[in-house]
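Let me begin by presenting the structure, written as structure tokens, before commenting on it.
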Amino acid sequence: MNEHGALRTDVLIVGAGPVGLTLACDLARRGVSCEIVEREATAGRASKAKTIQPRSLEVLDDLGAVEHVVRHGVAGLPLRFHDSSGRVVDRPSITLRARSSFQTPYPDPLWIGQFDVEHALRERLRQLGGSVEHRAEAVGLVQDRDGVTTTLRTPDGARRLRARYVVAADGGKSTVRRLLGLRLEGETRETERWYIGDVTVDGLARDHMHVWTSDEGMLALTPLPHSDLWQLQAPVPAGTQPGTPTRELYQRLLDERNAGVTLTSATWLSVYRVNIRMLNDYRRARVLFAGDAAHVHTPAGGQGMNTGIQDAYNLGWKLGAVLGGAHPDLLDTYSAERAPVARTVLASSTHKLDRTTLRLGDDADKLGAALAELADDALTTGLGIRYGSRLDDRAEGPVAGDRAPNATGLRGPGFSGDLFDLTRGPQWTLIAFDNDDPALTDRAGSFPLHVHRIDTADGILDGAGAYRRIYAPSRGELVLIRPDGHIAARVPHDRAADLFGALPFAAPVR
Ligand SMILES: Cc1cc2nc3c(=O)[nH]c(=O)nc-3n(C[C@H](O)[C@H](O)[C@H](O)COP(=O)(O)OP(=O)(O)OC[C@H]3O[C@@H](n4cnc5c(N)ncnc54)[C@H](O)[C@@H]3O)c2cc1C
């Protein structure tokens with residue numbers, strides 16, 4: 001107990017959805033003391049998000065949580081359109097494989113229920129020694145200069161928890177946001193509502209996503225891999241109020257479309273209302289917002305969970321650095337980098353939804369064409385996201401702010417693998433190309449920084465020439481890669497001092 005009569009931790013994460021769990025894993029592997037609380041009694045069982053994108057897969061890989069997701073996910077689920085006369089038209093998946101120039105080990109978005117992604121993260125958190133405290137609801141919050149005191153309602157009564165920072169990952173209706181008197185700015189589409197649910201059915205092949213076209217609007221059933229569940233989605237017809245979502249109602253929606261499908265059970269039934277809103281600033285002193293607590297958008301393009309996972313990944317290393325002694329202003333860069341991403345996602349997913357809505361009552365050709373345009377590989381895959389403006393006029397290769405692409409086929413003393421094998425982990429990485437200046441390693445000594453030399457006499461060999469092809473480095477060039485895999489700086493060999501100057505925010509080794 002401390003002077004405020006509360007137990008202490010460095011970071012309290014409110015909410016154990018995919019975003020809170022991602023952050024908890026990242027902080028746990030950094031050795032940051034952290035608590036994660038969740039008001040529900042058990043892990044989430046609703047499918048909600050059903051695609052995970054390439055950049056999020058890279059994040060999970062770095063955190064050590066990707067294996068379960070890759071094993072349970074399905075790439076390229078094709079579409080089967082049905083009309084009321086029984087005509088069937090097959091189309092390829094609406095997900096888009098990332099173009100090869102992104103150089104990712106995970107080019108394919110995977111179809112997978114959100115509960116399965118959360119499962120992978122929970123398991124990883126457990127391996128890292130952490131766990132979620134269930135039935136603990138944040139109901140009060142007071143912050144001062146040194147920390148935040150949160151009141152938690154638990155079955156054993158209320159208790160207070162003092163943390164140096166609180167991260168609100170408590171979803172679209174964020175209690176923390178309300179407690180601080182903040183509002184998401186934007187619009188709610190009161191008339192655009194969707195029935196949604198997780199159901200089991202008889203009589204349908206699980207190797208396709210099925211879409212029934214009708215004047216009433218489409219109805220989609222998507223198989224959730226490694227389960228017997230299907231996610232059902234259908235628009236509430238324009239000008240009508242949604243009925244209470246029940247299995248009987250959803251059966252009627254199918255029958256109206258002559259689907260010939262029987263719903264046998266339902267584990268989640270809900271009505272979804274389109275919200276297009278965000279916070280302009282994700283930081284309020286010692287409280288930071290991530291995921292749906294910071295931005296909510298239309299499901300078009302499948303971006304909510306993915307944007308949130310990538311928020312957490314941007315925040316984790318910054319919190320770790322500040323708690324380790326780096327200047328707290330580093331935390332301002334979190335909102336500065338991530339809010340513009342959400343703004344772009346909001347604009348793009350709204351535009352896509354509007355285009356698709358016009359086609360909801362159309363046939364397979366027109367609706368299929370609209371659905372096929374939901375994915376675009378720079379934004380939806382997350383691989384084209386860059387932080388900061390392009391200061392570099394480099395003609396070839398990635399620049400500061402870009403995600404550092406992978407390079408395969410590296411080998412050296414005791415090592416054989418990819419660039420991502422070198423960057424994996426919570427540290428910064430410095431790649432020195434054809435540069436054996438010993439001072440680099442000496443200077444790096446005071447930072448959590450791994451130095452790797454490529455194409456020096458006793459360094460790693462760029463065996464297949466992939467690093468040279470992708471990065472187009474000059475002789476002696478240095479590439480500094482942040483813990484979240486974005487390039488912090490690229491400098492020629494004689495400007496190593498500038499590069500170490502670009503590390504003001506990296507915490508000294510504790
Ligand atoms: C129909 C539908 C389809 C979607 N499809 C996709 C898709 O294909 N791809 C995609 O990326 N996204 C999709 N999304 C969006 C995605 O589900 C969300 O963006 C994602 O769940 C956000 O994660 P989160 O962790 O921020 O919040 P949540 O998942 O909402 O988690 C917040 C957690 O905080 C807990 N909590 C709330 N208040 C408190 C409190 N006071 N104290 C303690 N705990 C609290 C909640 O119980 C919850 O567990 C879809 C959403 C819907 C509804």
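Considering only residues that are aliphatic (A, V, I, L, M) and more than 13 Å from the ligand (Cβ to nearest atom), look in the stretch 22-59 and name the one that is nearest to residue 484 (Cα to Cα). Looking at residues that are aliphatic (A, V, I, L, M) and more than 13 Å from the ligand (Cβ to nearest atom), I get 27. Take the residues in the stretch 140-163 that are surrounded by 14 or more Cβ atoms within 10 Å (Cβ to Cβ) and farther than 28 Å from residue 321 by Cα; name whichever of them is farthest from the ligand (Cβ to nearest atom). Here the answer is 159.
So that you can scan it fast, the table gives a plain yes or no per residue for (1) open to solvent by less than 50 Å² (accessible area, probe 1.4 Å); (2) modelled with pLDDT of 95 or more; (3) under 29 Å from the mean Cα position of the chain (by Cα); (4) not aromatic (Phe, Trp, Tyr):
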residue: 224; (1), (2), (3), (4): yes, yes, yes, yes
residue: 229; (1), (2), (3), (4): yes, yes, yes, yes
residue: 240; (1), (2), (3), (4): no, no, no, yes
residue: 243; (1), (2), (3), (4): yes, no, no, yes
residue: 251; (1), (2), (3), (4): yes, yes, no, yes
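Which is surrounded by fewer than 20 Cβ atoms within 10 Å (Cβ to Cβ) and modelled with pLDDT under 85, of 388, 384, 417?
Being surrounded by fewer than 20 Cβ atoms within 10 Å (Cβ to Cβ) and modelled with pLDDT under 85 holds for just one of 388, 384, 417, which is 388.
Exactly one residue out of 312, 321 is over 30 Å from residue 93 (Cβ atoms) and either near the ligand (Cβ under 9 Å from one of its atoms) or among the small types (Gly, Ala, Ser) (or both): that is 321. Would you mind stating whether residue 332 is within 16 Å of the ligand (Cβ to nearest atom), out of contact with any Leu (no Cβ under 9 Å at 6 or more places or on another chain) and either open to solvent by 20 Å² or more (accessible area, probe 1.4 Å) or in the same structural domain as residue 169 (by TED's automatic domain parsing) (or both)? Considered against the rule, which asks whether it is within 16 Å of the ligand (Cβ to nearest atom), out of contact with any Leu (no Cβ under 9 Å at 6 or more places or on another chain) and either open to solvent by 20 Å² or more (accessible area, probe 1.4 Å) or in the same structural domain as residue 169 (by TED's automatic domain parsing) (or both), residue 332 comes out as no.
Got a number for residues in the stretch 1-13 being in contact with a Lys or Arg (Cβ under 9 Å, 6 or more places away or on another chain) and modelled with pLDDT of 95 or more? Number of matching residues: 4. Within the stretch 257-264, can one find any residue that is hydroxyl-bearing (Ser, Thr, Tyr), within 16 Å of the ligand (Cβ to nearest atom) and over 30 Å from residue 28 (Cα atoms)? No: the stretch 257-264 contains no residue that is hydroxyl-bearing (Ser, Thr, Tyr), within 16 Å of the ligand (Cβ to nearest atom) and over 30 Å from residue 28 (Cα atoms).
Pairing residues of the stretch 166-192 that are over 26 Å from residue 316 (Cβ atoms) and of a type in the set (Gly, Ala, Ser) with residues that are at pLDDT 95 or above and away from the ligand (no atom under 11 Å from the Cβ), at Cβ distances under 7 Å and at least 6 apart in sequence or on separate chains, gives 186/278.
Restricting the stretch 172-195 to residues that are among the hydrophobic types (A, V, I, L, M, F, W, C) and crowded, with 21+ Cβ neighbours inside 10 Å leaves a set whose member that is farthest from the ligand (Cβ to nearest atom) is 184.
Out of all the residues in the stretch 164-171, is one or more small (Gly, Ala, Ser) and more than 10 Å from the ligand (Cβ to nearest atom)? Checked the stretch 164-171: no residue is small (Gly, Ala, Ser) and more than 10 Å from the ligand (Cβ to nearest atom).
The values are calculated or read from the model by the stated rules, or taken from the named source; none is laboratory data. Just so it is clear, the model here is predicted, and its values are computed rather than measured. Quick reminder, even Gly has a Cβ in these numbers, built from the backbone with ideal geometry, and neighbours come from all protein chains shown. Areas reflect the complete protein model, heavy atoms only, side chains present, ligands, DNA and RNA absent. Shrake-Rupley method; radii C 1.70, N 1.55, O 1.52, S 1.80 Å.
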